[in-house]
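Student: Sending over a structure as structure tokens; questions will come in a sec.
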Amino acid sequence: EKDGFEHFMLKEIYEQPNAFRKTILNRIDSAGKNIVFEGLQLSSEQIHRLDKIFIIACGTAYHAGLVGKHVIEELTRIPVEVDVASEFRYRRPIVTDKTLVIVVSQSGETADTLAALRESQRLGAKVLAITNVPGSSIARDADEVIATVAGPEIAVASTKAYTSQLIAFYLFGIYLAQVKETIPEEERKVMIEALCKLPEQTEVVLQHANDIRMYAEAIKGHSSLFFIGRGIDYAVALEGSLKLKEISYIHSEAYAAGELKHGTLALIEEGTPVIALATQTELYEKMASNIKEVKARGAHVLGVTLEENIELHRNVDDVCLIPSAMALFTPVLSVIPLQLISYYTSLALGNDVDKPRNLAKSVTVE
Ligand code: F6R
């Protein structure tokens, strides 16, 4: 059942290109110009009335939501708020019948996410669920469902479910932009083409898994490390940090790179590993100066950047290149090396990769 892979997690990492293909399948028209969601009842009128979108989830699914915010705001200019389900439900969230609530859950059974869904409906909002399990409680209770088609995810650490959630956000974000006409048709077509290239580009990233194995060997003795990034890269940094903590048990923190000098820099010592995500062309220069800041304090920096960003190569100790992609789409590619780093570090430390201590795959307690 592991198809020759040593662990489910590694198998699931390698299943990502096909999970994306299946999640995209039948959701693009034959001309490659429009997104189609069969079964989606949300009317054009309802979409035009929306004044706010909430994205609610836990853990890794919450991190997918942080990317989703960038995508939806960029493409539609509808304000998006992202919240952790266990926080959302215990404050008085501002939700009305003009709010669309998107809940994100691989299992569709997470207790806090389900409760947040019900609370949102009680407040008059329509709820759209992005889930990997169509028969789940969350899928049943939601008003609308967009299924990710990642297949069963067995490893506790989520990989293909997360990236498939990103694909679902891209499809839905483009769909909203199509209905609201917030991006020109030609631009939409280019985006759809770029989206369809992601499975192949992911295969390219996976071919470099061995270099990452060496990096994992180098960090396994460290007690702490940092992930830094700006904008959408910060969202990916949070996911990379969670993944590493979950299965390697090494402490790490993710920081918005511009925040370093407001406190975190004090923790950087000689040899501290820093993983710097720099995939956003508009933010390269700002990232380069943050990388210099940590290097000046002795950090050992691994840069994750696009292949064309030659400049950054000179400023880092190690580099991990990802294929060129549209700014909103890079998280799908840049998270792969981070998944592999956590996998190989956990493996090198002799941990139970698929069943990390203290954690359950589906959290049905509150
Ligand atoms: C991390 C992880 C958890 C889940 C979280 C939500 O790798 O798997 O953080 O993402 O428990 O689970 P779902 O998506 O099933 O609601």
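Student: Using the heavy atoms of the protein chains and a 1.4 angstrom probe, tell me the accessible area per residue for the chain in square angstrom.
Tutor: In whole numbers, the chain has 42 Å² accessible per residue.
Student: Around LEU265, what is the net charge, scoring Lys/Arg as +1 and Asp/Glu as -1 over all other residues with Cβ under 9 Å from its Cβ?
Tutor: Result for the local shell: +1.
Student: Further question on the same structure: With axes computed from alpha carbons, what is the tilt in degrees of helix 330-348 against the longest principal axis of the chain, rounded to the nearest 10 within 0 to 90?
Tutor: The angle comes out at about 50 degrees.
Student: Could you work out which residue, out of GLU185, GLU253, GLU12, moves most in a Gaussian network model of the chain, that is, has the largest mean-square fluctuation with Cα springs under 10 Å?
Tutor: Result for the chain, Cα springs under 10 Å: GLU185 fluctuates most.
Student: Okay, moving on. Net charge around TYR343, counting only other residues with Cβ within less than 15 Å of its Cβ (Lys, Arg = +1; Asp, Glu = -1)?
Tutor: Neighbour charge sum, excluding TYR343 itself: -2.
Student: Moving on to the next point. Within 10 Å, at most 16 other Cβ atoms, and a DSSP state outside H, G, I, E, B define an exposed site. Report the longest part of the chain free of exposed trypsin sites (Lys or Arg not before Pro).
Tutor: Excluding the exposed sites themselves, the longest stretch runs over 99-219.
Student: Can you tell me the length gained on complete extension of the stretch THR264 to LYS220, counting 0.36 nm per residue apart and subtracting the Cα distance?
Tutor: Full extension of this stretch gives 13.7 nm more.
Student: Going down the table (LYS286/LYS355; LYS2/LYS22; LYS180/LYS261; LYS22/LYS243; LYS220/LYS355; LYS33/LYS243), which pairs top 30 Å between alpha carbons?
Tutor: LYS286/LYS355; LYS180/LYS261; LYS33/LYS243
Student: Amide H to amide H under 5 Å from ALA276: which residues, 5+ apart in sequence or cross-chain, H placed 1.01 Å off N in plane?
Tutor: Sorted by chain and number, the residues that satisfy this are ILE228, LEU302, GLY303, VAL304.
Student: What whole number of Å gives the distance from the Cα centroid of region 1-67 to the Cα centroid of region 194-271?
Tutor: If you average the Cα positions of each part, the centres end up 23 Å apart.
Student: Let's see if you can work this out: charge +1 on each Lys and Arg Cβ, -1 on each Asp and Glu Cβ, no other charges. What is the dipole magnitude of the chain about its Cα centre, in debye to the nearest 20?
Tutor: 580
Student: Could you tell me what percent of the accessible area of region 121-227 is made up of carbon and sulfur, with a 1.4 Å probe and every protein chain present?
Tutor: Heavy-atom surface of region 121-227 belonging to carbon and sulfur, 1.4 Å probe: 50 percent.
Student: Under the definition of Cα pairs under 8 Å and six or more residues apart, what whole-number percent is the relative contact order of the chain?
Tutor: 19
Student: Provide Rg over Rh for the chain; use the alpha carbon set for both Rg and the Kirkwood Rh (inverse mean inverse pair distance).
Tutor: My calculation of the ratio gives 0.95.
Student: Could you state the angle between the C-alpha long axis of helix 284-296 and the longest principal axis of the C-alpha atoms of the chain, as a value from 0 to 90 degrees rounded to the nearest 10?
Tutor: Taking the Cα atoms of the chain, the angle to 284-296 is about 40 degrees.
Student: Let me ask something additional. Starting from the Cα-Cα distance between ASP3 and ARG122, subtract it from 0.36 nm times their residue separation and give me the gain in nm to one decimal.
Tutor: Length gained between ASP3 and ARG122: 38.4 nm.
Student: By how many degrees, 0 to 90 and rounded to 10, does the Cα axis of helix 160-180 deviate from the longest principal axis of the chain?
Tutor: 50
Student: If a/c stays under 1.5 just call it rounded; otherwise compare a/b with b/c (prolate if a/b is bigger, oblate if not). Do that for region 57-106, with a ≥ b ≥ c from the square roots of the Cα gyration tensor eigenvalues.
Tutor: Since a/c reaches 1.5 but b/c is at least a/b, the shape of region 57-106 is classed as oblate.
The values are calculated or read from the model by the stated rules, or taken from the named source; none is laboratory data. It should be emphasised that the depicted structure is a prediction, and the values quoted were computed from it without experimental measurement. Glycine also receives a Cβ, built like all others from the backbone with ideal geometry; neighbour counts cover every protein chain displayed. In case anyone asks, the SASA skips ligands and DNA or RNA and just uses the protein heavy atoms, side chains included. Shrake-Rupley method; radii C 1.70, N 1.55, O 1.52, S 1.80 Å.
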